[in-house]
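Below is one structure, written out as structure tokens; the observations come after it.
Taken together, the values in this text are just the output of simple stated rules run on the coordinates, not laboratory data. Treat the numbers as computed from the prediction; the structure is a model and nothing was measured. All Cβ positions, even for glycine, are placed from backbone atoms using ideal geometry, and neighbour counts span all protein chains on display.
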Amino acid sequence: MKAIAVPLRVIVDPVAWSSLLFLASRMPLGLLYFLLPAGIGAAGVLLVPLAGIGVAVLVVALMIAWALAAFERQLGRWWLRVEVRPSASDAPGHGSWWVRLRAFVSDSVTWKSLAYLLLQLPLGVVVFPLFGGAAALALGLMASPLAYLVFVVAARPTDLDLIAFLQRLGMALGGAIVGILVLHLARPAGRGYGLLIQLMLGVGFADVELARARSEAAAEHARAEDLEQKRRDLIMSMSHELRTPAASIQGHAEALLSPNDLSEAERRRFLEVLAREAARVGALTDDLLSIARTDAGALQVDLGAVDLAELVDHVYDAMTPIARRDREITLTRAVDPGVPAALADRDRLSQVLMNLVRNAITYTPDGGIVSIRVSSADGERVALVVEDTGVGIERADLDRIFDRFYRTDASRSRLTGGFGLGLAISRELVEAMHGEIRAESEPGSGSRFTVLLRRAA
Ligand code: ADP
């Protein structure tokens, strides 16, 4: 029973039926494909002497061929279920009309497609009788018992001849066998056609590889240029930033070295300036190292579950003396109970939080408050917030404070200000931890920086 069922399965195989349909369409479509481009093309050749018109007609013939090839490609996808790579000419292309036309004409796929279209008629002449004829024969044979009943018996019921009817039934069985055979043959024939379509209507493997290699090389080139530009910008900004402390160090050192009648208090002040500027240059070097690492793609974060309460305690303990000693600023902390651990790199996150708190202290006048808070932002993320009651940030600056070397006027007018790298580095670090950093501010009232991190699973 099973042995009989297997060959019959083809009856319910959609690919066999659609392949048969494709094969049967070869002759009529082949005729169309032959007449349209070839006919118009021939007219174009005849018209060539008529200044340009003939060439235009030839171009139209090629365009029609291109559209028909695109239709065939689609037919191949639908009916033969073959994967056809797009033709290069499918892409809209760039450049002027003339450039695109030249690219189209010099594209080998254009000519292969034309050859494919012209081949359809001769192929159809062979395939159509083979499959179309055989399918028609099968249908005719299968319909013969019905035809016998309708035309002979219905006219004169007394003429019913059982033997003749059984003969018709036998013919129907033969027709069914022919039909099944045709369906069985349609699949490999369809596959053959599919190969032909892949070969002639799609871009070849070598072309695909070449195009991919070209686009990869172009992307690599763009990346290298971008990196080079970044490096140039960094060197420019760095030299610019170093000029002021270098001049200050040189000026104060020379004043101290030259024969002078500086008072002890003045000497001490000069030395303090030297120490402060040297510390700033040292901090800048650290920042530059961080930046260089990110630009070189060498920034590595070691992600794990970080206990934010412990981290906040650590930063709080480190920063409280600075807030109190340097300024009259109160530092507070609050961690919501039950906040889950964050997915982060503990040391890097500590660097980010230190930077935010240091900024908050720097840009808050004496008597102000800086608070660190941790809460669950939403189901997926936890929030680390640093808020101050300081000078605030103007709307126009808010969008730019995360840019490298960007400082607001408030910072530029302060001697202790950094180099505008802290927030840029913080953002790069937070993003490397799959998080997000935001700033909000009310100029004159204070600022709020929020770091959103994924909760550790
Ligand atoms: P810097 O090292 O100069 O502080 P950052 O990148 O950390 O550089 O900050 C960039 C700029 O953003 C600062 O120069 C400052 O103008 C502004 N800024 C940062 N934090 C605050 C804050 N809490 N309040 C006001 N302005 C701030």
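Observations on the model:
- Length available on full extension from R269 to I163: 0.36 nm per residue minus the Cα-Cα distance, which gives 25.4 nm.
- Given charges at Cβ of Lys, Arg, Asp, Glu: the chain dipole, positive-most of A247, L234, V48: V48
- MRE, 222 nm, helices only [DSSP H, n ≥ 4, -39500 (n - 2.57), over the chain, to nearest 500]: -21000 deg cm²/dmol
- In the chain, the longest principal axis of the Cα atoms and the axis of helix 162-201 are about 40 degrees apart.
- Angle in degrees between helix 308-326 and the longest Cα principal axis of the chain, rounded to the nearest 10: 30 degrees
- Over the chain, relative contact order from alpha-carbon pairs under 8 Å, at least 6 apart, %: 12 percent
- Estimated FRET transfer efficiency when R0 is 56 angstrom, pair L101-A154 (beta carbons, to 0.05): 0.30
- As a proxy for reagent exposure, ranking S25, S106 by other Cβ atoms within 10 Å from fewest up yields S106, S25.
- Sum of side-chain charges, L183 neighbourhood, beta-carbon under 12 Å (Lys, Arg +1; Asp, Glu -1): +1
- Cα pair distances exceeding 28 angstrom across the chain, given as percent: 71 percent
- Taking every DSSP bridge with both residues inside segment 326-391, close to 55 percent are antiparallel.
- Between 0 and 90 degrees, the angle of helix 264-295 with respect to the longest Cα principal axis of the chain falls at about 10 degrees.
- Only one residue of G446, L23, M142 has its Cα farthest out toward the positive end of the dipole of the chain, where Lys and Arg carry +1 and Asp and Glu -1 on Cβ, and that residue is M142.
- Rounded to the nearest 20 debye, the dipole magnitude of the chain is 2100 debye, with +1 charges on Lys and Arg beta carbons, -1 on Asp and Glu beta carbons, and the Cα centre as origin.
- Projecting the Cα positions of G76, G179, V281 onto the charge dipole of the chain (unit charges on Cβ atoms of Lys, Arg, Asp and Glu, taken about the Cα centre) puts G179 furthest along the positive direction.
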